[in-house]
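Written out below as structure tokens is the structure these notes cover.
Read-outs: derived from the displayed coordinates by stated rules, not from any lab. A quick note: this is a predicted structure, and the numbers were derived from the prediction, not measured. Virtual Cβ from ideal backbone geometry, glycine too; neighbours counted across all protein chains shown.
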Amino acid sequence: MTRKTEQYTCVEPEFFKSRLDKFLCHKRPDYSRAYLQMLIDERNVKINGKVIDKSSYLLKENDVIDVTFTEKAEYDLTPHQVDFEVVDLQDDFVIISKPAGLTVHQSDNNKDEITLVNGLLYQFKEMSKVFPGDFRPGIVHRLDKDTSGLMIVARNFKAQASLCDMFKNRLTKKTYLAVVQGKAPKEGSINYDIGRHPTERHKMSHLGIDGRDALTMYKTLRQYKDSSLVAARIITGRTHQIRVHFAAIGHGLIGDKVYGYNSQLIQRQALHSWNLEFDYKGKIYKYRKPVPADIHKLLNALKIK
């Protein structure tokens, strides 16, 4: 992947105490705000030599900003009919339930794959005009391809910035249901940093490179003969967080071929985005989505083991 670094200095008075992403949009109007936010989120931006991963960072006079740009790949944004459920539709956002097996958006590794983004552009045709050329239109957080359940998608730029900040500032309550190997403790917390695996670059690890703080709170809802159903609330939102954290404490997810335990009872990791709560413009929104058929079938099988 091609990478280049550019340096800017905040000397324009109108950008003192301005958001970092707004300043970068001014400097590089050829890139979408979502792309620039992604660079910030993925720790490609330094201010005065320190990595900054919050788009909402407020600049000060003479701040020196170093931005490492990754290659701007071309992605297929052709609208396609895709199977996902619309749970709630608001003026500024939509709540969807993503099925397992559906990737949220394309990347350099899956440029030919039909994704949730293609489905959003098909179902909400105005998004192409609201987010022209943006390969992640409205996306403010992600679920792994084989994780099912609730997601928020923004419907305009202002909402996208606000919702991204809400996630980065840990103002959402995201609770997942997971089926893990072994009898997990009744409740607890897992507080291991998560970074890229030192030798297997497609994996994350609690012993990884450049680890970032990660906190998972959990409660065991039911124990079976040799497995447990847990409700896991992620305080941070690191890549593969729940899967890595439970593997780290010896209770990897059932069906997880990368970090956990392969199973004949389910063809993907038993992980579902179950509950979502947040405050948006002074109103509390709460959503809950029961587990889909494959996890329901798994739980029924475990009851009789």
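Descriptive notes on the structure:
- Within straight-line cross-link reach of residue 281, aspartates and glutamates at Cα separation under 17 Å, skipping those fewer than 8 residues along the same chain: 88, 91, 92, 165
- Semi-axis lengths (Å, descending) of the ellipsoid that matches the C-alpha gyration tensor of the chain: 34, 22, 18
- The residues neighbouring residue 288, those whose beta-carbon lies less than 14 Å from its own, together hold a net charge of +2 under the Lys/Arg +1, Asp/Glu -1 convention.
- Of all segments of the chain bounded by GluC sites (Glu not before Pro) found in a DSSP loop with no more than 16 other C-beta atoms within 10 Å, the longest spans 201-305.
- Unit Cα scatterers, Debye sum, region 78-121: log10 I(q)/I(0) for q = 0.18, 0.19 Å⁻¹: -0.54, -0.60
- Three principal axis extents describe the C-alpha atoms of region 1-109; from largest down they are 49, 35, 23 Å.
- Here region 173-303 has an Rg and Dmax of 14.9, 46 Å, counting Cα atoms alone.
- Rg/Rh for region 155-213 stands at 1.09; both radii use Cα atoms, and Rh follows the Kirkwood definition.
- With the convex hull of the Cα atoms taken as the outline of region 85-168, the averaged projected area works out to 5.4 nm².
- Taking trypsin sites (Lys or Arg not before Pro) across region 183-261, the ones in a DSSP loop with at most 10 further Cβ atoms lying within 10 angstrom of their Cβ are 201, 225.
- Counting every pair of alpha carbons in region 239-305, the share spaced more than 18 Å apart comes to 51 percent.
- Top of 32, 189, 56 by mean-square fluctuation, Gaussian network on the chain, Cα under 10 Å: 189
- Taking every alpha-carbon pair under 8 Å whose residues sit at least 6 apart, region 85-168 reaches a relative contact order of 35 percent.
- Nearby lysines by direct alpha-carbon distance to residue 4 (threshold 20 angstrom, same-chain neighbours under 8 apart not counted): 27, 46, 50, 72
- FRET efficiency for residue 222 and residue 84, using Cβ-Cβ distance with R0 set to 22 Å, rounded to 0.05: 0.20
- Sequence-distant contacts, meaning Cα pairs under 8 Å at least 6 residues apart, place the relative contact order of region 3-70 at 50 percent.
- Cross-link partners of residue 186 among lysines, defined as those whose alpha carbon lies under 22 angstrom from its own and excluding same-chain residues fewer than eight positions apart: 173, 174, 219, 225, 303, 305.
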